[in-house]
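The values are calculated or read from the model by the stated rules, or taken from the named source; none is laboratory data. All figures in this text were calculated on a predicted structure; none of them were measured in a lab. Please note: Cβ atoms are built from the backbone with ideal geometry, for glycine as well, and neighbour counts cover all protein chains shown.
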Amino acid sequence: MNRCLFYPNLLIRKSELHSTNDFALGLIKTQKPSGGTVVLTLSQTKGRGQRTNVWESESGKNLTISIILTPEFLPIPHQFQISCVISLGVYDYLSEYLEDVSIKWPNDIYVGNEKIAGILIEHSIMGSTLSHSICGLGLNINQIKFISDAPNPTSLAIKTHKEYDLDKELTKLLRCIENRYFQLEDEKSEEQERDYLKAMYWMNETHLFSDELGEFEGEIVGITEYGQLRVRANKGERIYNFKEVSFIR
Ligand SMILES: O=C(O)CCCC[C@@H]1SC[C@@H]2NC(=O)N[C@@H]21
């Protein structure tokens, strides 16, 4: 039997939205959307990024989507697995076109030292498991000029000197994410973690980081089973949750 997560009738297209994540959040509150529902807009006017950042995307140029997943099988402490699914799916998709794609922990997608995609995942919880995960993704496809002060943005078009049909790219992207989701559902999370580590930006290289104690030299050596970052520094290994450490250079 052919497995499928993303059915065409579960794709919700809106010409303009404040934020696809906010729209998806509204769906969860008012209806019970099926896993595999995808909200897409061509024009996002108040896109939200990590922390309090704004996500800017030129109208009609890029993929700005929110994927609703229902990973009821996943215990809450393992929610980082959803980050792995989405970031590896995007990584797999981009690797069809580009070399030097990497995942900057926890889930920024880079090409060399430039950011091509950002991911914002918001979970809703039921009991001790996840009921819905809203996986927001901004993937720069055809945008050439960036006005925002986002650090080093790039796009698929800049990197390959071609323009892309967004619908075709969406289909390819969703196939890659679907494969990674089934890998998780099939309890192949060890394989997934191995692939995530292989794809990781700055893995096993010495770089400058900063945390609440100041700047320090260290080397990313992996992640914990809960997705925290492990950095080896002079005085031993340090373990970070998201937002507790910054990558300097
Ligand atoms: O890198 C980041 O800061 C995360 C950016 C996430 C942006 C996407 S675009 C689609 C979805 N809707 C939002 O409001 N944000 C996410």
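A few notes on this one:
- When ILE134 is tested against (1) touching a helix residue (DSSP H, G or I) at 6+ places or on another chain (Cβ under 9 Å); (2) assigned to a helix (DSSP H, G or I); (3) of a type in the set (A, V, I, L, M), only condition (2) is not met.
- Beta carbons closer than 7 Å, at least 6 apart along the sequence or on distinct chains, pair a first residue in the stretch 161-177 that is outside any helix (DSSP H, G or I) with a second that is surrounded by 13 or more Cβ atoms within 10 Å (Cβ to Cβ) and of a type in the set (S, T, N, Q) for GLU163/ASN142; TYR164/ASN142.
- Residue-level analysis places GLU244 outside the set of residues that are part of a loop (DSSP other than H, G, I, E, B) and closer than 20 Å to LEU88 by Cα.
- The stretch 43-88 - residue that is touching a helix residue (DSSP H, G or I) at 6+ places or on another chain (Cβ under 8 Å), of a type outside the set (D, E, K, R) and in a strand (DSSP E or B) and, of those, nearest to THR129 (Cα to Cα): LEU69
- Meets criteria (closer than 19 Å to LEU184 by Cβ, within 16 Å of the ligand (Cβ to nearest atom) and either without any contact (Cβ under 8 Å) to a residue 12 or more places away in the chain or not in a loop (DSSP other than H, G, I, E, B) (or both)) for ILE119: yes
- Any chance GLU56 is assigned by TED's automatic domain parsing to the domain that holds GLN192 and either away from the ligand (no atom under 12 Å from the Cβ) or among the polar types (S, T, N, Q) (or both): no
- Residue in the stretch 1-9 that is surrounded by fewer than 17 Cβ atoms within 10 Å (Cβ to Cβ), outside any loop (DSSP other than H, G, I, E, B) and more than 12 Å from the ligand (Cβ to nearest atom) present: yes
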